[in-house]
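Here the structure is laid out as structure tokens; the discussion comes afterwards.
The values are calculated or read from the model by the stated rules, or taken from the named source; none is laboratory data. Remember, it's a predicted structure, so these values are computed and weren't measured experimentally. All Cβ positions, even for glycine, are placed from backbone atoms using ideal geometry, and neighbour counts span all protein chains on display.
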Amino acid sequence: MSNLHPELLQRLHAAVGDAGLVTDDEAKAPYETDWLKKWTGRSSVVVRPADTAQTAAVMRICHETLTPVVTQGGNTGMSGGATPDGSGAQVILSTVRMNAIRAVDPLNNTLTCEAGVLLAHIQAAAQAADRFFPLSLGAEGSCTIGGNLATNAGGIAVLRYGNTRELALGLEVVLPDGRVWNGLRALRKDNTGYDLRDLFIGSEGTLGIITAAVLKLHPRPVARATAWVGARDIDALVRLLAQLRAACGERLVAFEMMSAEALALILEHVADVRAPLAGEHAFHGLIELADTQGEGLADLLEAGLGEALEGDTVQDVAVSVNGAQTQSFWRIREGISQAQVRAGKTVKHDIALPISAIAAFAHAADAALRDAQGDVRIINFGHLGDGNLHYNVLLPKDTAPDAVAATTARFNRIVHDLVAAANGSISAEHGVGQLRRDELRHYKSEVEFDLMMRIKQSLDPNQIMNPGKLV
């Protein structure tokens, strides 16, 4: 039974046609639950506009009728930012039919595409033009660029290329009242006022709907060199990062980290992986260089790691000798999410810290959590090169839901207080959504939160854009 007025459904149908309206309960179900199965809501209708004009028409209708709208891309988010509430009164607006790559300009190193294009398809289109789009995520085969922009997604190449924000030059956005801002400028310099582009990137659908974007492309790397290292502590990996950045410059594209506990979890729960190194190491690093020139890259990496071995910064090193070994290293890193799901329930933290503060934070957080609950199983991994840690705590599978909720709240306060003390962030790349919404009020200053609310009120006075998320 629909919670929306029949006349509203008729108007939405007129705007998007048969292919753009989903009302059947079974067909709606995939849109109403996030991929983690952590948040489930209900919507009377899923609207799937085919283009910007249809999106604008839908928003005009929703603005006039004060109908809340939850924008959704590939539905691969980690924070519940694209899931409706349980009222049935919110419209889900899916961008998946807006999936055209409008233009590729190799000379200007840009690609213009619609919001519903899969990230993997953008990567392929860039490669077909002998260019490189560096955003790379575990969900790249199912996430959309609109969602990546809305959450300012990170991934494994932020160290060199930056977050999604740094990879976008221009946007096209449908505003809450149905007006269209066409900011699809393929410019690297545009000093003509407020940067509206950055206002919408990372806004999680609370200010408008990104319908298209101009993305930066880069020269395509032709050579890569990859290594796995073992170290006695996280402090050593931080020192190694500094040494390799000095020695390798922008060729250093990835520096991933995981604790021994994280590696053990992967080896236990993921098939076709094995430990890259012999012996026991408290922390592990996965390092990759890339360059548009093919000569000397492996030698550069080996020289840097050789110095680290001689200086006792690291305990052991395995430099990849072929593509298969490189893939095996990355398969370990990519298996951590699967391993956590199989192992039990996890209290997850997606935090950002100054790199200089990472080691002190890890030691303090380890000690504080063990003081709070004895022998906790800490799964610490992440993108060390850009200061983004996924500092998680694994709970037994049989932990009761009430106990999970209470433990999560207690651990969140411990971890996030330490993050705040180090001038870090409680959300690095996954977004706030509904997961961190209430905590955001605790950690944002009064002035900062007031400015955010003033922007929200200015652009969305009727409060119809993704209510209950972010702010």
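Miscellaneous remarks
- Test result for residue 100, under 30 Å from residue 125 (Cα atoms), in contact with a Cys (Cβ under 9 Å, 6 or more places away or on another chain) and hydrophobic (A, V, I, L, M, F, W, C): yes
- With a requirement of 2 or more residues that are closer than 22 Å to residue 223 by Cα and not β-branched (Val, Ile, Thr), the strands (runs of 3 or more DSSP E) lying completely within the range 251-340 that satisfy it span 252-259, 283-291.
- Pair list, Cβ < 7 Å and 6+ apart or interchain, from the range 208-232 residues that are under 19 Å from residue 250 (Cα atoms) and among the charged types (D, E, K, R) to residues that are assigned to a strand (DSSP E or B) and at pLDDT 95 or above: 216/110; 216/169; 220/131; 220/132; 224/288; 224/289; 224/290
- Within the range 363-398, the set of residues being loosely packed, with under 13 Cβ neighbours inside 10 Å and over 19 Å from residue 283 (Cα atoms) comprises 371, 374, 396, 397, 398.
- Considering the range 162-238, the qualifying strands (runs of 3 or more DSSP E), each wholly inside and each with 1 or more residues that are of a type in the set (Ser, Thr, Tyr), run over 209-216, 223-231.
- Only one entry of 289, 263, 252 meets the criterion of being over 15 Å from residue 330 (Cβ atoms) and in contact with a strand residue (DSSP E or B) (Cβ under 8 Å, 6 or more places away or on another chain), and that entry is 252.
- Out of 262, 254, 225, one residue alone is farther than 26 Å from residue 360 by Cβ and aliphatic (A, V, I, L, M). It is 225.
- When the range 21-31 is filtered for residues that are touching a residue at least 40 places away in the same chain (Cβ under 8 Å) and either more than 15 Å from residue 96 (Cα to Cα) or in a loop (DSSP other than H, G, I, E, B) (or both), nothing remains.
- Any hit, the range 40-47, residues being farther than 21 Å from residue 208 by Cβ and either in a helix (DSSP H, G or I) or over 25 Å from the mean Cα position of the chain (by Cα) (or both): yes
- Residue within the range 41-49 that is surrounded by fewer than 15 Cβ atoms within 10 Å (Cβ to Cβ) and not assigned by TED's automatic domain parsing to the domain that holds residue 183 present: no
Here is a yes/no grid of residues against (1) modelled with pLDDT of 95 or more; (2) touching a strand residue (DSSP E or B) at 6+ places or on another chain (Cβ under 9 Å); (3) of a type outside the set (A, V, I, L, M, F, W, C):
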| site | (1), (2), (3) |
| --- | --- |
| 170 | yes, yes, yes |
| 180 | yes, yes, no |
| 194 | no, no, yes |
| 211 | yes, yes, yes |
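- Test: residue in the range 289-312 that is within 23 Å of the chain's Cα centre (by Cα) and either surrounded by fewer than 13 Cβ atoms within 10 Å (Cβ to Cβ) or of a type in the set (A, V, I, L, M) (or both): yes
- Checked against the criterion of being under 25 Å from residue 204 (Cα atoms), in contact (Cβ under 8 Å) with a residue 60 or more places away in the chain, in contact with a Pro (Cβ under 9 Å, 6 or more places away or on another chain) and not assigned by TED's automatic domain parsing to the domain that holds residue 77, the candidates 423, 412, 388 yield just one match: 423.
- Among the residues of the range 432-454, just one is touching a helix residue (DSSP H, G or I) at 6+ places or on another chain (Cβ under 6 Å) and either of a type in the set (A, V, I, L, M, F, W, C) or assigned by TED's automatic domain parsing to the domain that holds residue 383 (or both), namely 432.
So that you can scan it fast, the table gives a plain yes or no per residue for (1) out of contact with any strand residue (DSSP E or B) (no Cβ under 9 Å at 6 or more places or on another chain); (2) assigned to a helix (DSSP H, G or I); (3) buried (at least 18 other Cβ atoms within 10 Å of the Cβ):
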{"position": "12", "(1), (2), (3)": "no, yes, yes"}
{"position": "19", "(1), (2), (3)": "yes, yes, no"}
{"position": "56", "(1), (2), (3)": "no, yes, yes"}
{"position": "62", "(1), (2), (3)": "no, yes, yes"}
{"position": "75", "(1), (2), (3)": "no, no, yes"}
{"position": "98", "(1), (2), (3)": "no, no, yes"}
{"position": "102", "(1), (2), (3)": "no, no, no"}
{"position": "122", "(1), (2), (3)": "no, yes, yes"}
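- Some residue of the range 431-448 being exposed (fewer than 14 other Cβ atoms within 10 Å of the Cβ), of a type in the set (A, V, I, L, M) and assigned to a loop (DSSP other than H, G, I, E, B): no
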